[in-house]
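Sending over a structure as structure tokens; questions will come in a sec.
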Amino acid sequence: MSRLSADGAFARQVYTRIAGYYDPLLWLFVPMGVRLGRYRAALVDGLALAPGDTVVDLGCGTGRNLPRLARAVGPAGRIIGVDVSAGMLERARRRADALGLDNVSLVQADFLQWAGPGRSVDAVCAALTLGMSGDYPVVIDRAAGWLRPGGRFGALEMQAPEGWPAWLVRAGVALNRVFGVRPEQITRRVDQALLARLTPVYHRYYYGGVFTLAVGCVDERTLPS
Ligand SMILES: C[S@@+](CC[C@H](N)C(=O)[O-])C[C@H]1O[C@@H](n2cnc3c(N)ncnc32)[C@H](O)[C@@H]1O
């Protein structure tokens, strides 16, 4: 594995601990009305992938995005999942095997340090992961360098909506502490950083603004009319 940043080391520590029950933990959001599957579907749709495309899934975790990404790129496409936690990647590998996918490469790396695949990628997606580090703008800039002209970067994030009272922010952090969420994380604005750095394609809010989805591309000529 490449070098580890302080945030990468923290993420590895947290996710090594919870890798075995990350997927069941996500079920706890369902009775709260959080529709993560729907938000993930919108993220993958927003990438506008075509059969044969290559997509990088940053902080891929246990591979929750894999089924949708695999359907979008088809057997001729390629999915590169990057995560700092070997335990999470092991589950992603099991998921890929269970789906019979042989076009998934899994890389154990800190995405704050990872050199990346060169300018060869059609899309980058990041679900619930970029905001774990204050250096997310650097990752967005770096990932823009991996994308071919017209390539898209989509990020789904959880954040405290503007104007939330401090007690509610504290409650949100407490609820999500098991996922390594720290107070500073949910005040970060990954969506704004992405849309400022790339040409905006679209921006959505879910669950009253607690979840944001931003998609940008590297070439304004490819913007939909
Ligand atoms: C909340 S989980 C999200 C996993 C997956 N994207 C999903 O949607 O279910 C965050 C993931 O990001 C990974 N992660 C966090 N910071 C990272 C970093 N700096 N480099 C690589 N992976 C990181 C963690 O190991 C964890 O698997």
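The values are calculated or read from the model by the stated rules, or taken from the named source; none is laboratory data. None of the values given here were measured: they were computed from a predicted structure. Please note: Cβ atoms are built from the backbone with ideal geometry, for glycine as well, and neighbour counts cover all protein chains shown. Note: accessible area is taken over every heavy atom of the protein model, side chains too, but ligands, DNA and RNA are not part of it. Shrake-Rupley method; radii C 1.70, N 1.55, O 1.52, S 1.80 Å.
Considering the range 53-72 alone, what residues qualify as being more than 12 Å from the ligand (Cβ to nearest atom) and either in contact with a helix residue (DSSP H, G or I) (Cβ under 7 Å, 6 or more places away or on another chain) or touching a residue at least 60 places away in the same chain (Cβ under 8 Å) (or both)?
ASP53, THR54, VAL55, ALA72
Here is a list of conditions, (1) over 26 Å from GLU184 (Cβ atoms); (2) near the ligand (Cβ under 8 Å from one of its atoms), and VAL82 meets all of them except one; can you say which number that is?
(1)
Taking ARG152, is it away from the ligand (no atom under 16 Å from the Cβ) and not aliphatic (A, V, I, L, M)?
yes
Given LEU128, LEU36, which one is of a type outside the set (Phe, Trp, Tyr), open to solvent by 30 Å² or more (accessible area, probe 1.4 Å) and touching a Leu at 6+ places or on another chain (Cβ under 7 Å)?
Going through LEU128, LEU36 in turn, just one is of a type outside the set (Phe, Trp, Tyr), open to solvent by 30 Å² or more (accessible area, probe 1.4 Å) and touching a Leu at 6+ places or on another chain (Cβ under 7 Å): LEU128.
Going through the range 139-172 one residue at a time, which ones are β-branched (Val, Ile, Thr) and closer than 16 Å to LEU128 by Cα?
Within the range 139-172, VAL139, ILE140 qualify.
Mind counting the residues in the range 73-87 that are open to solvent by 20 Å² or more (accessible area, probe 1.4 Å) and not aliphatic (A, V, I, L, M)?
Counting residues in the range 73-87 that are open to solvent by 20 Å² or more (accessible area, probe 1.4 Å) and not aliphatic (A, V, I, L, M) gives 2.
Ok, one more. How about the range 39-72: which of its residues are charged (D, E, K, R) and either crowded, with 23+ Cβ neighbours inside 10 Å or under 12 Å from the mean Cα position of the chain (by Cα) (or both)?
ARG40, ASP57, ARG64
Okay, next question. Tally time: how many residues in the range 56-100 are in a loop (DSSP other than H, G, I, E, B) and either within 21 Å of MET1 (Cβ to Cβ) or among the aromatic types (Phe, Trp, Tyr) (or both)?
7
Which residue, of GLY151, GLY100, GLY145, GLY134, is touching a residue at least 12 places away in the same chain (Cβ under 8 Å), surrounded by fewer than 20 Cβ atoms within 10 Å (Cβ to Cβ) and more than 20 Å from GLY180 (Cβ to Cβ)?
Selected residue: GLY145, the only one of GLY151, GLY100, GLY145, GLY134 that is touching a residue at least 12 places away in the same chain (Cβ under 8 Å), surrounded by fewer than 20 Cβ atoms within 10 Å (Cβ to Cβ) and more than 20 Å from GLY180 (Cβ to Cβ).
Go over the candidates ALA196, ALA160 one by one and state the one that is open to solvent by 60 Å² or more (accessible area, probe 1.4 Å) and either touching a helix residue (DSSP H, G or I) at 6+ places or on another chain (Cβ under 9 Å) or part of a loop (DSSP other than H, G, I, E, B) (or both).
Among ALA196, ALA160, only ALA196 is open to solvent by 60 Å² or more (accessible area, probe 1.4 Å) and either touching a helix residue (DSSP H, G or I) at 6+ places or on another chain (Cβ under 9 Å) or part of a loop (DSSP other than H, G, I, E, B) (or both).
Check off (1) within 18 Å of LEU112 (Cβ to Cβ); (2) among the polar types (S, T, N, Q); (3) in contact with a Gly (Cβ under 7 Å, 6 or more places away or on another chain) for SER133 and give me the number that stays unchecked.
(3)
Now for a different question. When the residues of the range 103-125 are filtered to those that are open to solvent by 30 Å² or more (accessible area, probe 1.4 Å) and either in a helix (DSSP H, G or I) or out of contact with any strand residue (DSSP E or B) (no Cβ under 8 Å at 6 or more places or on another chain) (or both), which remaining residue is farthest from the ligand (Cβ to nearest atom)?
GLY118
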